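In what follows, a single structure is set out as structure tokens and then discussed.
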Amino acid sequence: MITRIVEELAQRGHSLEVITTLPWYLHHRVEPGFEGRTFRYEDTPWGRITRINPFAVSDKSKLVQRAGAFAAFSAIAGAFAARGGPVNGVLAVSPPLTLGMSGWAAAKRRGCPLVFNVQDIYPDVVVELGVLRPGLLLTATSKLEAFCYEHADAVTVLSEDLKQNVAHKTGEPGKVRVIPNFVDIDAIRPGPRENGYRQEFGLQNKLVIMYAGNVGFSQALMPMLEAAAALTDEPDVAFVINGGGVARPELERAALGLPNVRFVDMQPAGRLAEVLNAADIHLVPLKRGLAHASVPSKTYSILAAGRPLLASVDAESEVARLVENAGCGIAVAPEDAESITKAIRRLIESPDMLRMMGEAARHFVENWVSPSAVAQAYEELFRELEAHPGGGAR
């Protein structure tokens, strides 16, 4: 997402500096060819990329170590970002929340507005998951969150749900703006079901229910396995979990003995459209309480592929409303295996319903925001903040 926004801003004539990590996310360790260096530079036609060691912690359950890694990376990133002459603005992206401090240091040193982009609201997400409980770490995280909101000139979020959450905390509704994530409807479009992905993973002629994405704490995937167990009487139905993450080993153990479940490793980004088109139904599951603090960006990619959505999320949340308004799938209660099973049975018994929901999905997303529209929204926001008297990180 950020890569594409940078490219779009560059096409609009802007010079940019990007401070990011060495490549590491796929296996939660620095990739071959990048080891042994704390940072490296890459010059481009539009500016410079500085890549910094992320000090990756592979076990996401080790919260203290992860917090330390985020803090170390953010401190170094802030130091690099603060160097140099004046700029028109700084965009800091959370999570991790610590990058709000990095952005503040850079914007203050370089005399410009700070926009703090919140993809998921922390610490709300980890509190809802029960990962972070009352104590010193939660108190410190909440204070950091408040600092980041207070010292940003604007906070951007993905939905009205998230806006209400942040505006309640800041007491400044006008500071919080909704700029949704985009979907590239040219790169992702409806394609054949029977494609190379199905052939590679033995899914030919199956009706595929897929979860594709991070297999982490936030995703309620155990009910998907319970639904798979309940549907073993449907030999032509296959359940696919495509991706990796801290929760995958437990899910794999739970799926032992289920012949209709496949686990597939995360695929290269260039294969995204093929992966999405290989499914007949896509599952978007969030644990109870999370849908008001997180909006899965994969939702819009699924719709761009023209595939129906089975959303297991909180009622009245952004995703639940989207499914209802667009007519592109079914929304059920979170962490409810019985409801998921009933919805799947209803869908697989009605091919015409699947087809119409897929068509509605594509129709809806064709009118959604484009990468260029999102980049323009950020450009206009920075111009507004720059023109405002007294603008600049506080």
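Assuming a ≥ b ≥ c are the square roots of the Cα gyration tensor eigenvalues, decide whether region 217-357 counts as rounded (a/c under 1.5), prolate (otherwise, with a/b larger than b/c) or oblate.
rounded
Selection among A304, Y122, A212 by position relative to the dipole of the chain gives Y122 as farthest towards the positive end (Cβ unit charges, Cα centre). The residues of the chain have, on average, 46 Å² of accessible surface per residue, using a 1.4 Å probe with all protein chains present.
Can you tell me what percent of all Cα-Cα pairs in region 1-127 are more than 19 Å apart?
52
If both residues of a DSSP beta bridge must be in the chain, then about 15% of such bridges are antiparallel.
Note on the chain: with a GNM built from Cα contacts shorter than 10 Å, the maximum mean-square fluctuation among G47, G103, G327 falls on G47. The residues packed around M1, meaning those with a beta-carbon under 15 Å from its beta-carbon, carry a net charge of -2 if Lys and Arg are +1 and Asp and Glu are -1. Charges were assigned to the Cβ only: +1 to each Lys and Arg, -1 to each Asp and Glu. The resulting dipole of the chain about its Cα centre is roughly 1140 debye.
Between A71 and D184, the modelled label-to-label distance comes to 3.7 nm, taking each label 7 Å out from Cα in the direction of the beta carbon. Using Cα pairs closer than 8 Å and at least 6 residues apart in sequence, work out the relative contact order for region 126-206, in percent. Computed value for region 126-206: 20 percent relative contact order. Protection proxy ranking, highest mean first, for peptides 263-270, 344-351, 117-124: 117-124, 344-351, 263-270, where packing is the per-residue count of other beta-carbon atoms within 10 Å, averaged. Per-residue extension of 0.36 nm, minus the Cα-Cα distance of F147 and D233, leaves a gain of 25.5 nm for this segment. Place a label point 7 angstrom from the Cα of H168 along the Cα-to-Cβ direction, then list the residues of region 307-340 whose backbone nitrogen is under 18 Å away. Under 18 Å, as judged by backbone N against the label point of H168, lie 314-321 of region 307-340. The spread of Cα positions in region 100-238, taken along each principal axis and listed from longest to shortest, comes to 60, 41, 24 Å. Among the listed pairs K62/K169; K143/K163; K108/K143; K108/K163; K175/K287, those whose Cα-Cα separation exceeds 22 Å are K62/K169; K108/K163; K175/K287.
The mean sequence distance of close C-alpha pairs (under 8 Å, at least 6 residues apart), as a share of the length of the chain, puts its relative contact order at 16 percent. Here region 66-127 exposes an accessible surface that is 65 percent carbon and sulfur, computed with a 1.4 Å probe and the other protein chains kept in place.
For region 36-167, relative contact order (Cα pairs under 8 Å, six or more residues apart, normalised by length) works out to 18 percent. Taking label points 7 Å from Cα along the Cα-to-Cβ direction, D352 and V369 give a separation of 3.8 nm.
Take the Cβ atoms of H14 and D265, set R0 to 45 Å, and the FRET efficiency comes out at 0.80.
Report, in debye and to the nearest 20, how large the dipole of region 235-363 comes out about its Cα centre when Lys and Arg carry +1 and Asp and Glu carry -1 on their Cβ.
Roughly 180 debye for region 235-363.
With a Förster radius of 25 Å applied to the beta-carbon distance between R133 and Y25, the computed FRET efficiency rounds to 0.40. Each of S142, S301 has its accessible area taken with a 1.4 Å probe; listed largest first, they run S142, S301.
A Förster radius of 56 Å combined with the Cβ-Cβ distance from A315 to A387 puts the calculated FRET efficiency at roughly 0.85. Share of carbon and sulfur in the accessible area of region 281-385 stands at 48%, probe radius 1.4 Å.
The values are calculated or read from the model by the stated rules, or taken from the named source; none is laboratory data. This structure is a prediction, so every number in the text was calculated from the model and none was measured. For neighbour counting, all protein chains shown are included, and Cβ atoms are generated from backbone atoms with ideal geometry for every residue, glycine included. What goes into the accessible areas is simple: the full protein's heavy atoms, side chains included, and nothing from ligands, DNA or RNA. Shrake-Rupley method; radii C 1.70, N 1.55, O 1.52, S 1.80 Å.
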